[in-house]
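Undergrad: What follows is a structure written as structure tokens; I'll ask about it next.
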Amino acid sequence: MREPRASTDACHELSSRDGASTFRCPAASKALGRGLREALAAWILAGPSVFFLLMLYCLPVIGVFVIAFTNWQFGAATLSFVGLANFREVIADEDFRSSLRNTAIYLLIVVPGTVSLGLLIALLIEGGKSCRSFYRAIHFLPFMATMSAMAIAWEALLHPTIGLVNQTLSAIGMPAANWLRDEHTVLLALAAIGIWQNLGFAMVLFLAGLKSIPKDIYDAADVDGADLWLDRLRTVTLPMLGPVSMFVVIVVALRVFASFDTVKVLTQGGPGHASEMLLYTLYRESFEYLRAGYGAAIAVVFLAIVVTLTLVQAHLMDRKVHYQ
Amino acid sequence: MSTRALRACQLLSPAAVFRHTVLLATGALILVPFVWMVSLSIKPPGEIFRTSFSFWPVQFYGVENYTKAVTQAPLPRYLGNGVMICALILALQMLVCAPCAYALAKLRFAGRDTLFGLVLIGLLLPHQVLSLPLFILGYQIGILNTYAALVFPYVVSPFGIFLFRQFFKSMPDDVVHAARLDGLSETAIVWKIMVPTALPAVIAFAIFSIVSHWNDLFWPLIAVHDQSLMPPTLGIMVFKSEEAGTDYGPLMAAATLVVLPLIVAFLAAQRWFIEGLAEGAIK
Amino acid sequence: MASVSIDGIVKNYGPTPVLRDVSLSIADGEFLTLLGPSGCGKSTLLRVLAGLEMQDAGSISIGGRVVDGLRPKRRDVAMVFQSYALYPHMTVAANIALPLRMRRLTAIQRLPLVGRLLPGRARIAAEIDMEVTRTAKSLDIGHLLPRKPGQLSGGQRQRVAVGRAMVRHPAVFLMDEPLSNLDSKLRVQMRAEIKELHQRLGGTFVYVTHDQAEAMTLSDRVAVMLDGELLQVAPPQDIYGDPSDRRVAEFIGSPKINILDGVMRERGLIDVAGSTLKIDAAALPGMHLSLGIRPEALHLADQGGQSTLTGSVRMIEHMGSDLFVHLDLAGPDQPLVARLPAEYGPRITPGQTLHVGIRPERVLLFTPDGRRLRGQVELSRASVMPLREAAR
């Protein structure tokens, strides 16, 4: 029984390496049939996914690019290709520029704030044994709370007269502000909400990073004399968290970059255009002003930024593997 | 217990005091919006606009506010819509993604790498970028402003396929071979062997899916305009603009009711939520 | 250099006892090995010695100084970890330099940027560099100094870990299974190097392993541990040839020692497996005994009789220089392994009935509770097999 089996296997190997040689083995057709059956089963199983991936991801992404090169408006019967006109308009548009600038400022406040606070809290939680899951749960709460509803609570907190923030500030003799209606403070207020929301997420990622540091390294540091809190942090914890930190920065940036709910619910981009951000501009141009071509051009810009960030992240992930 | 832990465990050591002080302070700050929301939701209008603050109202007005929230706006309807949409999306995603993930993980076929590439591209694309063509697609097939409009963009989840594929791949091939010898069809292998074994991944994915769609505002805003179809995120926004921000009590009661289901679920299954959401958001 | 004294150490993990009243003195410059199966508490004892864990009771002195409650840094010990525990983000040079930097530079001098400006720092840093280079050269890793651990092979990492331990000339070297992550060829080579290192440095070494061969070849004395207890502390040849406990006898030696149940018939005669052995033992007639017989204490006999066991051959293992012959003895469930010279190979076939003779002086007697029963005729160290073979 052994002999023919072995030869079948050999044929199988041959046929997979070199299709032309299959006919030489009598058993090869059977093996080929098995392969075909498996492929057929695979395509049947994957069929719905393939269909929907093409319909809901591939087609639309091509669509965005196509629309971005036309002057189409929703409801219009005609459209014509206008080349890069939309992009030129986008770049020249003062509103878009301010939207991009606001997004950048927002990002530059929220990402460092979120990452550093998340790291601090993760270090503190991991630094002791008691109440770990309690603290973790509290700090993680905002990340999964429905933002459009919490935005309403934040609006009440930031209310110029009855809000807790201004009441507290005036109680300690600090100047109050109309946070969401003042163009100088509105981004700051939104950024504070952004940090509040994403802090727990960064914390959880850092906690995972801290857990993955081998205990042996801390022991070695203990024996080597790096046993004070700051020395341990500097010789072991922070360097070992290095790759994780870069990763957290990108992931948080991607999330923060796609902030929409707070802008929509709280400010609608106002006052003026002081809190316009990229995703909100995309939404407004596309679905309120119905300028499809223009909106699509913004979507392309948005996509370009997201893809860049993701590629940087993928690159960093590769480096991280290198580290160990 | 290590000496380190021993040192840290002395509850009154300066390090431990510092740790608890800072964490309690940041924790309290984090909770302020929640506390404020609940506090306002049980206060009568007069107390809300009073400038002195206390958490508990002098006159308990919770019943009135919450009654108003569920009667004045179709809040129960919103919540029901939310539950239905999330359940529908999750069911469809499981149905579509699990077989595909199995094929990618365990079957050999021409085009597998291309298909996986497709999944990775899907993973990379933010949904907001696709909203415009999806809107047009919904218009073309005439389903805008229906439940179907809220569900269809999410029928396939590249993340779901990716996550399940990773999990299925880690299961030994012999399990599949044994199942085939026992006479199970490929479909049966997916649903009777792979998915039950991958329960942790299924739970993580379910939590990720439910939380992200319960909290999503962007797509519902585009897809529906009938109040009767709105999910809670959109509904509460409409409620707010109708109330024009004057009647805070019922508004806060409504907000509390929208946030509550996930918070309760989170507190009940903290570990699962954190794993599911962290995994999901990283991708 | 220092002696180590471990006195009545008790350690529990929750309700589980890990170390039960362990006492041990280690002489200055001695190479002592803690040997035992995994989970026996040997690593925990080492970590208690290092100060990485706290004992629940008992006391430890190093060089005559009680170190209980002292942090690892203050104990003047260095440790080589099983995983090497090198700092992956630092170069080899920085890894080896770290213990010196932590001791010789003040906290302010160690600060980045600011520290460089402080007086005296440059001189100390230069000294450290010199010592690191010297240590690396002596371990033959001088050319690896600018690399990072991720770029090194297992053996090279092991040397870096040793370098980091020896650079500051600690009183005691602690090694926690330092060779277990290496492949077997490299392990033999590194074993020799560690032995050489010990001779060169002359320090006190405490070495943890589950590998008998390492314990036997490296140590001045071996401490055999089981279930948190020290069973015997003795030179390697005594551990093998003169075990004080049945569990020690069973743990050491491969193939495992044969244990046969016997009954004392009268003074000088023991009934075992259908035969009678002539062994003088300090036991009363009728008493049950366990007989420990090393496979090499058996030899082929022409016929049955006194001091001879008879059984049928179940299996033969050819080991090249020797044969391991597995016999089924007459008694219930009493297998026996005999180590015979290879030239008997052609003469023995499975199923065949075989007589093996026992050298009475090589039989180890144990009471039913596992204690060694001494007082039998001359068990001299001379009759014990050479070390090399024991370690096989």
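The values are calculated or read from the model by the stated rules, or taken from the named source; none is laboratory data. Since the structure is predicted, the reported quantities are computational estimates derived from the model, not experimental observations. Reconstructed Cβ throughout: ideal geometry from the backbone, glycine too, with neighbour counts over all protein chains shown.
Undergrad: Looking at (1) surrounded by fewer than 16 Cβ atoms within 10 Å (Cβ to Cβ); (2) facing chain A (nearest Cβ under 9 Å), can you tell me which one C:MET102 breaks?
TA: (1)
Undergrad: OK, next. Residues of segment B:206-250 being of a type in the set (Gly, Ala, Ser) and buried (at least 21 other Cβ atoms within 10 Å of the Cβ), which ones?
TA: First pass over segment B:206-250, keeping only residues of a type in the set (Gly, Ala, Ser): B:206, B:209, B:212, B:223, B:228, B:235, B:241, B:244-245, B:249.
Result: B:SER209, B:ALA223, B:GLY235, B:GLY249.
Undergrad: Please list, ordered by residue number, the strands (runs of 3 or more DSSP E) wholly in segment C:275-348 having 1 or more residues that are in the same structural domain as C:GLY262 (by TED's automatic domain parsing), among the polar types (S, T, N, Q) and touching a helix residue (DSSP H, G or I) at 6+ places or on another chain (Cβ under 8 Å). Let's see the steps before the verdict.
TA: Working: elements: C:275-278, C:288-293, C:298-301, C:308-318, C:322-329, C:335-341.
Of the strands (runs of 3 or more DSSP E) lying wholly inside segment C:275-348, those with at least 1 residues that are in the same structural domain as C:GLY262 (by TED's automatic domain parsing), among the polar types (S, T, N, Q) and touching a helix residue (DSSP H, G or I) at 6+ places or on another chain (Cβ under 8 Å) span C:288-293.
Undergrad: Within the bounds of segment B:113-122, is there any residue that is touching a Pro at 6+ places or on another chain (Cβ under 7 Å) and either facing chain A (nearest Cβ under 10 Å) or over 24 Å from A:VAL306 (Cβ atoms) (or both)? Give the steps one after another, and end with the answer.
TA: In the first step, residues of segment B:113-122 are kept if they are touching a Pro at 6+ places or on another chain (Cβ under 7 Å); the result is B:119, B:122.
Still in the running and either facing chain A (nearest Cβ under 10 Å) or over 24 Å from A:VAL306 (Cβ atoms) (or both): B:119, B:122.
Yes; the residues of segment B:113-122 include at least one that is touching a Pro at 6+ places or on another chain (Cβ under 7 Å) and either facing chain A (nearest Cβ under 10 Å) or over 24 Å from A:VAL306 (Cβ atoms) (or both).
Undergrad: Same structure, new question: Would segment C:353-364 turn up any residue that is under 23 Å from C:ALA249 (Cα atoms), assigned by TED's automatic domain parsing to the domain that holds C:LEU260, assigned to a loop (DSSP other than H, G, I, E, B) and not aliphatic (A, V, I, L, M)? Reasoning before the result, please.
TA: Step one: list which residues in segment C:353-364 are under 23 Å from C:ALA249 (Cα atoms), which gives C:356-364.
Add one more test, that the residue is assigned by TED's automatic domain parsing to the domain that holds C:LEU260, and what stays is C:356-364.
Now drop any that are not assigned to a loop (DSSP other than H, G, I, E, B), which leaves C:359, C:363.
Next cut, not aliphatic (A, V, I, L, M) only: C:359.
For segment C:353-364, residues under 23 Å from C:ALA249 (Cα atoms), assigned by TED's automatic domain parsing to the domain that holds C:LEU260, assigned to a loop (DSSP other than H, G, I, E, B) and not aliphatic (A, V, I, L, M): present.
Undergrad: Looking only at segment B:96-135, which residues are among the small types (Gly, Ala, Ser), surrounded by fewer than 18 Cβ atoms within 10 Å (Cβ to Cβ) and not in a loop (DSSP other than H, G, I, E, B)? Full working, then the answer.
TA: In the first step, residues of segment B:96-135 are kept if they are among the small types (Gly, Ala, Ser); the result is B:98, B:101, B:103, B:105, B:110-111, B:117, B:122, B:131.
If we keep only those that are surrounded by fewer than 18 Cβ atoms within 10 Å (Cβ to Cβ) too, we end up with B:110-111, B:117.
Scanning segment B:96-135 gives a single hit, B:GLY117.
Undergrad: Sticking with this one: Tally time: how many residues in segment A:102-150 are within 18 Å of the chain's Cα centre (by Cα), assigned to a helix (DSSP H, G or I) and without any contact (Cβ under 8 Å) to a residue 12 or more places away in the chain?
TA: Residues flagged as within 18 Å of the chain's Cα centre (by Cα), assigned to a helix (DSSP H, G or I) and without any contact (Cβ under 8 Å) to a residue 12 or more places away in the chain within segment A:102-150 amount to 5.
Undergrad: So C:GLY253 fits all but one of (1) surrounded by 16 or more Cβ atoms within 10 Å (Cβ to Cβ); (2) in contact with a strand residue (DSSP E or B) (Cβ under 7 Å, 6 or more places away or on another chain); (3) in contact (Cβ under 8 Å) with a residue 40 or more places away in the chain; what number is the exception?
TA: Unmet condition: (2).
Undergrad: Of the residues B:ALA206, B:ALA254, B:ALA281, only one is facing chain A (nearest Cβ under 10 Å), part of a helix (DSSP H, G or I) and at pLDDT 85 or above; which? It would help to see each step written out before you state the result.
TA: Working: B:ALA206 fails: facing chain A (nearest Cβ under 10 Å); B:ALA281 fails: at pLDDT 85 or above.
One residue alone meets the criteria, B:ALA254.
Undergrad: Looking at segment B:154-203 only, could you name the residues that are surrounded by 13 or more Cβ atoms within 10 Å (Cβ to Cβ), more than 29 Å from the chain's Cα centre (by Cα) and either closer than 27 Å to A:CYS58 by Cβ or among the acidic types (Asp, Glu) (or both)?
TA: Within segment B:154-203, just B:GLU186 meets the criteria.
Undergrad: Continuing with the same structure: Among the residues of segment B:37-63, how many are part of a helix (DSSP H, G or I), at pLDDT 80 or above and surrounded by 11 or more Cβ atoms within 10 Å (Cβ to Cβ)? Walk me through it before giving the result.
TA: At the first step, the residues of segment B:37-63 found to be part of a helix (DSSP H, G or I) are B:37-41, B:45-48, B:62-63.
Now restrict to residues that are at pLDDT 80 or above: B:37-41, B:63.
Narrowing the set further to residues that are surrounded by 11 or more Cβ atoms within 10 Å (Cβ to Cβ) leaves B:37-41.
Total satisfying the criteria: 5.
Undergrad: Could you list, in sequence order, all residues of segment B:210-235 that are among the aliphatic types (A, V, I, L, M), facing chain A (nearest Cβ under 7 Å) and within 26 Å of B:ALA269 (Cα to Cα)?
TA: Those that are among the aliphatic types (A, V, I, L, M), facing chain A (nearest Cβ under 7 Å) and within 26 Å of B:ALA269 (Cα to Cα): B:VAL211, B:LEU217.
Undergrad: Counting residues that are over 30 Å from C:LYS278 (Cβ atoms), which strands (runs of 3 or more DSSP E) fully inside segment C:152-267 reach at least 1? Let's see the steps before the verdict.
TA: On the way: elements: C:172-176, C:204-209, C:221-226, C:229-234, C:258-266.
Where strands (runs of 3 or more DSSP E) fall fully within segment C:152-267 and carry at least 1 residues being over 30 Å from C:LYS278 (Cβ atoms), they are C:172-176, C:204-209, C:221-226, C:229-234.
Undergrad: Shifting gears a bit: Being outside any helix (DSSP H, G or I), crowded, with 17+ Cβ neighbours inside 10 Å and in contact with a Phe, Trp or Tyr (Cβ under 9 Å, 6 or more places away or on another chain) is true for just one of A:LEU180, A:LEU205, A:LEU190, A:LEU199. Which residue is that?
TA: Numbers: A:LEU205 fails: outside any helix (DSSP H, G or I); A:LEU190 fails: outside any helix (DSSP H, G or I); A:LEU199 fails: outside any helix (DSSP H, G or I).
Answer to the selection: A:LEU180.
Undergrad: Let me ask something else. Suppose we filter C:LEU174, C:LEU186 for residues that are touching a Gly at 6+ places or on another chain (Cβ under 6 Å) and not small (Gly, Ala, Ser); which single one remains?
TA: Details: C:LEU174 fails: touching a Gly at 6+ places or on another chain (Cβ under 6 Å).
Of the residues listed, the single one that is touching a Gly at 6+ places or on another chain (Cβ under 6 Å) and not small (Gly, Ala, Ser) is C:LEU186.
Okay, residues lined up against (1) part of a helix (DSSP H, G or I); (2) at pLDDT 90 or above:
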residue: A:ASP231; (1), (2): yes, no
residue: A:VAL236; (1), (2): yes, no
residue: A:PRO239; (1), (2): yes, no
residue: A:GLY272; (1), (2): no, no
residue: A:ALA299; (1), (2): yes, yes
residue: A:ALA314; (1), (2): yes, no
residue: A:ASP318; (1), (2): yes, no
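Undergrad: Oh, and also: Has segment B:233-241 got at least one residue that is more than 17 Å from B:TYR147 (Cβ to Cβ) and out of contact with any Leu (no Cβ under 9 Å at 6 or more places or on another chain)? Give the steps one after another, and end with the answer.
TA: Within segment B:233-241, the subset more than 17 Å from B:TYR147 (Cβ to Cβ) is B:236-241.
Checking the rest, the ones that are also out of contact with any Leu (no Cβ under 9 Å at 6 or more places or on another chain) come to B:238, B:241.
Checking segment B:233-241: at least one residue is more than 17 Å from B:TYR147 (Cβ to Cβ) and out of contact with any Leu (no Cβ under 9 Å at 6 or more places or on another chain).
Undergrad: Could you please find all residues in segment A:70-81 being within 21 Å of A:ARG284 (Cβ to Cβ) and not in a strand (DSSP E or B)?
TA: Of all residues in segment A:70-81, those within 21 Å of A:ARG284 (Cβ to Cβ) come to A:70-76, A:79.
Matches in segment A:70-81: A:ASN71, A:TRP72, A:GLN73, A:PHE74, A:GLY75, A:ALA76, A:LEU79.
Undergrad: Does A:LEU210 satisfy the condition of being over 15 Å from the mean Cα position of the chain (by Cα), under 21 Å from A:LEU316 (Cβ atoms) and in contact (Cβ under 8 Å) with a residue 24 or more places away in the chain? Outline the logic, then answer.
TA: On the way: over 15 Å from the mean Cα position of the chain (by Cα): yes; under 21 Å from A:LEU316 (Cβ atoms): yes; in contact (Cβ under 8 Å) with a residue 24 or more places away in the chain: yes.
So A:LEU210 fits the description; yes.
Undergrad: Follow-up. Yes or no: A:PRO160 within 14 Å of chain B (Cβ to nearest Cβ), part of a loop (DSSP other than H, G, I, E, B) and either more than 21 Å from the chain's Cα centre (by Cα) or of a type in the set (A, V, I, L, M, F, W, C) (or both)?
TA: On the way: within 14 Å of chain B (Cβ to nearest Cβ): yes; part of a loop (DSSP other than H, G, I, E, B): yes; either more than 21 Å from the chain's Cα centre (by Cα) or of a type in the set (A, V, I, L, M, F, W, C) (or both): yes.
Answer is yes for this residue.
Undergrad: Let me ask something additional. Restricting attention to segment A:109-126, and to residues there that are within 11 Å of chain B (Cβ to nearest Cβ) and aliphatic (A, V, I, L, M), which single residue is surrounded by the fewest Cβ atoms within 10 Å (Cβ to Cβ)? Break it down stepwise before answering.
TA: In the first step, residues of segment A:109-126 are kept if they are within 11 Å of chain B (Cβ to nearest Cβ); the result is A:117-118, A:120-126.
Remaining after also requiring aliphatic (A, V, I, L, M): A:117, A:120-125.
Numbers: A:LEU117: 19, A:LEU120: 17, A:ILE121: 25, A:ALA122: 26, A:LEU123: 19, A:LEU124: 19, A:ILE125: 21.
This residue is A:LEU120.
Undergrad: Go through C:GLN82, C:GLN55 for me and flag whichever is touching a strand residue (DSSP E or B) at 6+ places or on another chain (Cβ under 8 Å), at the interface with another protein chain (Cβ under 8 Å from one of its Cβ atoms) and either acidic (Asp, Glu) or assigned to a loop (DSSP other than H, G, I, E, B) (or both). Explain how you work it out, then say what you get.
TA: Numbers: C:GLN55 fails: at the interface with another protein chain (Cβ under 8 Å from one of its Cβ atoms).
Exactly one of C:GLN82, C:GLN55 is touching a strand residue (DSSP E or B) at 6+ places or on another chain (Cβ under 8 Å), at the interface with another protein chain (Cβ under 8 Å from one of its Cβ atoms) and either acidic (Asp, Glu) or assigned to a loop (DSSP other than H, G, I, E, B) (or both), namely C:GLN82.
Undergrad: Further, regarding this structure: Would you confirm whether any residue within segment B:80-89 is polar (S, T, N, Q) and either surrounded by 14 or more Cβ atoms within 10 Å (Cβ to Cβ) or in a helix (DSSP H, G or I) (or both)? Reasoning before the result, please.
TA: Filtering segment B:80-89 down to residues polar (S, T, N, Q) leaves B:81.
Pick out the ones that are also either surrounded by 14 or more Cβ atoms within 10 Å (Cβ to Cβ) or in a helix (DSSP H, G or I) (or both) and you get B:81.
Checking segment B:80-89: at least one residue is polar (S, T, N, Q) and either surrounded by 14 or more Cβ atoms within 10 Å (Cβ to Cβ) or in a helix (DSSP H, G or I) (or both).
Undergrad: Can you tell me which residue among C:LEU144, C:LEU139, C:LEU182, C:LEU186 is within 23 Å of C:GLU30 (Cβ to Cβ) and of a type in the set (A, V, I, L, M, F, W, C)?
TA: Numbers: C:LEU144 fails: within 23 Å of C:GLU30 (Cβ to Cβ); C:LEU182 fails: within 23 Å of C:GLU30 (Cβ to Cβ); C:LEU186 fails: within 23 Å of C:GLU30 (Cβ to Cβ).
One residue alone meets the criteria, C:LEU139.
Undergrad: Take segment A:255-283 and flag every residue that is within 11 Å of another protein chain (Cβ to nearest Cβ) and either among the charged types (D, E, K, R) or over 30 Å from A:PHE201 (Cα atoms) (or both). Lay out the reasoning, then the answer.
TA: Taking segment A:255-283 and keeping what is within 11 Å of another protein chain (Cβ to nearest Cβ), we get A:255, A:257-266, A:268, A:278-280, A:282-283.
Those that are within 11 Å of another protein chain (Cβ to nearest Cβ) and either among the charged types (D, E, K, R) or over 30 Å from A:PHE201 (Cα atoms) (or both): A:ARG255, A:ASP261, A:LYS264.
Undergrad: Return the residue satisfying two criteria in turn: it lies in segment A:213-230 and is at the interface with chain C (Cβ under 7 Å from one of its Cβ atoms) and either acidic (Asp, Glu) or in contact (Cβ under 8 Å) with a residue 12 or more places away in the chain (or both), and of such residues it is nearest to C:PRO72 (Cα to Cα). Let's see the steps before the verdict.
TA: In the first step, residues of segment A:213-230 are kept if they are at the interface with chain C (Cβ under 7 Å from one of its Cβ atoms); the result is A:214, A:216-217, A:219-220, A:222-227.
After this cut, where a residue has to be either acidic (Asp, Glu) or in contact (Cβ under 8 Å) with a residue 12 or more places away in the chain (or both) as well, the list is A:216-217, A:219, A:222, A:224, A:227.
On the way: A:ASP216: 14, A:ILE217: 14, A:ASP219: 9, A:ASP222: 6, A:ASP224: 8, A:ASP227: 8 Å.
Applying the filter and picking the extreme gives A:ASP222.
Undergrad: In this structure, is B:ARG180 charged (D, E, K, R), under 15 Å from A:ALA46 (Cα atoms), within 13 Å of another protein chain (Cβ to nearest Cβ) and assigned to a helix (DSSP H, G or I)?
TA: no
Undergrad: Among the candidates C:LEU309, C:LEU323, which residue alone is surrounded by 22 or more Cβ atoms within 10 Å (Cβ to Cβ) and of a type in the set (A, V, I, L, M)?
TA: Values: C:LEU323 fails: surrounded by 22 or more Cβ atoms within 10 Å (Cβ to Cβ).
Unique residue meeting the criteria: C:LEU309.
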